[in-house]
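Structure first, then comments.
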Amino acid sequence: MKVVILAGGLGTRLAEYTKTIPKPMVKILSVPIIERIIRHYNRFGFEDFLIAGGYKQNVLKKFFKNKLRDLSIKVIDTGKKTMTGGRVKRLEKYLKNDRFMLTYGDGLSNVNLKKLLKFHSKTKNYVTLTAVRPPARFGGIKIKGKKVKYFKEKSHLDEGWINGGFFVMEPKIFNFLKDDNTILESFPLENICKINKLGAFKHNGFWQCMDTKRDKQLLEQIIKKKIFN
């Protein structure tokens with residue numbers, strides 16, 4: 001099964017690093033965050049990766065030309081200004097109507113990917129997301145049983161669950177992706193939620209994204225304490 005990693009954004013909130021490299025190449029204790037993400041997937045047996053590149057994608061291509069050669073890693077140009085859904089749409093021809101995994105190139109978690117996949121396989125959902133409990137500055141989703149009943153990015157909900165990435169997606173996702181301007185977290189997931197085909201795998205363990213320099217420093221502290229490696 002292929003794993004898609006979204007890695008094409010500008011990373012403007014980490015401008016002190018992303019002036020010269022794409023955000024997923026920002027290092028957490030000497031290791032780029034994207035390498036840590038790939039290593040996590042590989043621990044669960046995943047070996048086939050598609051990197052949706054854009055901004056400074058040549059840095060990614062150069063890195064993977066010399067790194068992790070035992071895995072299949074392809075960096076695909078999905079456009080410098082393409083939105084998240086548009087990047088996925090551009091990879092449709094590589095995914096060959098198969099189920100695939102997808103996550104963001106700026107977040108780490110110790111989510112059990114085998115359990116996530118098993119959870120998804122028992123449903124008829126088009127998409128399953130990993131629901132996590134983050135700091136309050138994020139938006140949220142409402143969950144009833146094993147289904148997402150409300151999805152809105154960056155809203156304020158008391159329940160405290162948000163979209164943490166680490167998706168499993170069926171090819172039907174492409175019916176909801178229009179063009180480069182499609183934001184995955186807007187029309188596609190909101191509408192899949194409305195037709196009751198968006199699942200939520202609740203993860204109470206470690207999860208942390210890297211939006212700011214403070215987040216980067218926090219991740220370094222976490223890895224030093226061996227909460228995640």
### Query
Between a first residue in the stretch 161-172 that is within 15 Å of residue 148 (Cα to Cα) and without any contact (Cβ under 8 Å) to a residue 40 or more places away in the chain and a second residue that is crowded, with 24+ Cβ neighbours inside 10 Å and of a type in the set (A, V, I, L, M), which pairs have beta carbons less than 6 Å apart while being 6 or more apart in sequence or on different chains?
163/129
### Task
For the stretch 191-229, enumerate the residues that are closer than 24 Å to residue 122 by Cβ and either of a type in the set (Asp, Glu) or in contact (Cβ under 8 Å) with a residue 60 or more places away in the chain (or both).
192, 197, 198, 199, 200, 201, 202, 203, 204, 205, 207
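So how many residues does the stretch 76-85 have that are touching a residue at least 60 places away in the same chain (Cβ under 8 Å) and outside any helix (DSSP H, G or I)?
Residues that pass the stated criteria total 6.
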### Message
For the structure I just gave you, tell me whether residue 89 is touching a Ser or Thr at 6+ places or on another chain (Cβ under 8 Å) and modelled with pLDDT under 95.
### Response
no
### Those residues of the stretch 91-145 which are of a type in the set (Ser, Thr, Tyr) and closer than 23 Å to residue 27 by Cα, in sequence order
103, 104, 109
### Query
Only one of (1) part of a helix (DSSP H, G or I); (2) without any contact (Cβ under 8 Å) to a residue 60 or more places away in the chain; (3) out of contact with any strand residue (DSSP E or B) (no Cβ under 8 Å at 6 or more places or on another chain) fails for residue 70. Which number is that?
(1)
### Query
Across the stretch 174-197, what is the total count of residues that are buried (at least 24 other Cβ atoms within 10 Å of the Cβ) and either farther than 22 Å from residue 143 by Cβ or touching an Asp or Glu at 6+ places or on another chain (Cβ under 9 Å) (or both)?
1
### Message
Looking only at residues that are among the hydroxyl-bearing types (Ser, Thr, Tyr) and more than 15 Å from the chain's Cα centre (by Cα) in the stretch 13-71, which one is nearest to residue 85 (Cα to Cα)?
### Response
55
### Message
For the stretch 46-62, check the following and say yes or no: at least one residue is closer than 30 Å to residue 192 by Cα, loosely packed, with under 14 Cβ neighbours inside 10 Å and touching a residue at least 60 places away in the same chain (Cβ under 8 Å).
### Response
no
### Qualifying positions in the stretch 51-67 - over 24 Å from residue 185 (Cα atoms) and either of a type outside the set (Val, Ile, Thr) or not in a helix (DSSP H, G or I) (or both)
58, 60, 61, 62, 63, 64, 65, 66, 67
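The values are calculated or read from the model by the stated rules, or taken from the named source; none is laboratory data. Fair warning: this is a prediction, and the values are worked out from it, not measured in the lab. FYI the Cβ positions are ideal-geometry reconstructions off the backbone, even for glycines, and counts take in every protein chain you see.
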